[in-house]
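Here the structure is laid out as structure tokens; the discussion comes afterwards.
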Amino acid sequence: MSKKYSEYYPNQIALENKFEKHLKNTKRFVEFCRGKAVPYYQDEGNWGTKLDLGDVSEKEGVKRAYLLQEFYIWKEWKEKGRNIFHFSENITDLLKQTDVLDIDISLIKLPYSDFYIDLSSAKIPFEEDGSEIIEGAFIRDEYHDGEDYERAINIDFVSKEYIGKYWNINKDLCWDTERGFHSILLFLDRKDNLKTIEDAINFDKDGFVSTPMFDDRDEDTKQDLYSIHKQFVDRTINFIINCLLYLTTKEVDIDEKYPVDLPVHLKAKLEKAATKRKKEIVHSEILQNGFTKVKYVGYSLTTAKPLDNSGRELNPHWRRGHWRNQKFGENFSEAKLIWIMPTIVNKEKGEPQKGHIYEVKQ
């Protein structure tokens, strides 16, 4: 829980790139990132306009385009409450050992329409065996009213070095409308004959480069992009879906508090506030100073001491967890998800080769 508020990715990227300043003049920032519209001569004597970044290199142009997307996502996150969830290492290990693909997509609920999950404890690499670790993910509910819309969840994984390190891959994407191979769009609507999470995942993979926007790409390029995105999805999706499912269970373990770098004078004011009204005033002042509470998840799970190895042939190992769709209510017309946590088989022989043994405080 010692992570500073300024160290969480949304706050870090905003500070480093002066997002608060750009809120006051977004048009100028857009022109910096995408260029100005300049007229040009088209075929058959027609004139049109196109974006021109001048002498900016292709690498810098791609980086600016993605920075603009980061700005818009950060802006929406800020406007919708600046919610941050920090998952502990303990619960991360358990969720990694939980199966999720056969869950009905209708059971996916979100605690907020827009929030950020810190995933630094999961230590998931952006690329297989790579050194760049995913810091977190922005989660956005893309639901819109109207029968022409389908409900979808947009998952954007992030790290400080992503834009600079992977620009060469993303230059082959339609980078003024797509964020890159690290974004996952899960449609949660039966219009496309989707029933399970696995269906939604496969739908995202198949649709990644199959839209008309990619018609001008050669087949080898499209296949390479598909493979990169598929591998990324396979490495990340089970875990992030388990995080989302856990956040909406009745047994969810969340401790909401201000981070360690809350200024001392604001801490003192909060401690001295004796009435509900006075506390509300201090909370408002804290918000104006750029701080919100962080929702710490899974910290009631503590590591148990591993037992001595007995020397028998069978080694201890994880029995994977899963989600049970339990019916209840009149005529069992309602349903809720129950998390069947992973367990250690033969734990009396010691700790599994990968992972840890945990116990839940009652």
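Each value in this text was obtained by applying a stated rule to the coordinates, not by laboratory testing. All values derive from a computational prediction rather than experimental measurement. Methodologically, a virtual Cβ is constructed for each residue, glycine included, from the backbone with ideal geometry; neighbour enumeration extends over all protein chains shown.
Counting beta carbons within 10 Å around each of SER121, SER227 and listing the fewest first gives the order SER227, SER121. Applied to the range 235-250, the Karplus parametrisation 6.51 cos²θ - 1.76 cosθ + 1.60 on θ = phi - 60° returns per-residue 3J(HN,Hα) values of 7, 10, 5, 4, 5, 5, 5, 4, 4, 5, 5, 5, 5, 10, 7, 5 Hz, with x for Gly and Pro.
Computed extension length for LYS27-LYS123: 30.9 nm, one decimal, from 0.36 nm per residue of separation with the Cα-Cα distance subtracted.
When each of ASP129, ASP215, ASP189, ASP93 is scored by the number of other beta-carbon atoms lying within 10 Å, the sequence from fewest to most is ASP129, ASP215, ASP189, ASP93.
Estimated from the Cβ-Cβ distance and a Förster radius of 30 angstrom, the FRET efficiency linking SER2 and GLU79 is about 0.60.
Does the range 5-247 classify as rounded, prolate or oblate by the C-alpha gyration tensor (a ≥ b ≥ c root eigenvalues; a/c under 1.5 gives rounded; else a/b over b/c gives prolate, otherwise oblate)? Each step should come with its number before you reach the end.
Values: a/c = 1.67, a/b = 1.36, b/c = 1.23.
Since a/c reaches 1.5 and a/b is larger than b/c, the shape of the range 5-247 is classed as prolate.
DSSP bridge analysis restricted to the range 5-247 gives an antiparallel fraction near 90%, rounded to the nearest 5.
Charge tally for GLN231 (other residues, Cβ to Cβ under 12 Å; Lys, Arg +1; Asp, Glu -1): -2. For GLN288, put the label point 7 Å out on the Cα→Cβ axis and report which residues of the range 233-272 keep their amide N under 14 Å from it. The answer is 266.
At what distance in angstrom do the alpha carbon centres of the range 265-295 and the range 194-237 lie from each other? When both Cα centres are located, 46 Å separates them. Pairs of Cα atoms nearer than 8 Å and 6+ residues apart set the relative contact order; for the range 5-247 it is 18 percent.
The simple Förster model, with R0 at 22 Å and r as the Cβ-Cβ distance, assigns GLU219 and ASN168 a FRET efficiency of 0.65. FRET efficiency for the VAL260 to THR343 pair, using the beta carbon distance and R₀ = 41 Å, is estimated at 0.75. Shape of the range 177-289 from its Cα gyration tensor (a ≥ b ≥ c, root eigenvalues): rounded if a/c is under 1.5, otherwise prolate when a/b > b/c, or oblate? Since a/c reaches 1.5 and a/b is larger than b/c, the shape of the range 177-289 is classed as prolate.
By how many nm would the segment from LYS267 to LEU101 grow when fully extended, if each residue of separation counts as 0.36 nm and the alpha-carbon distance is taken off? Computed gain between LYS267 and LEU101 is 55.4 nm.
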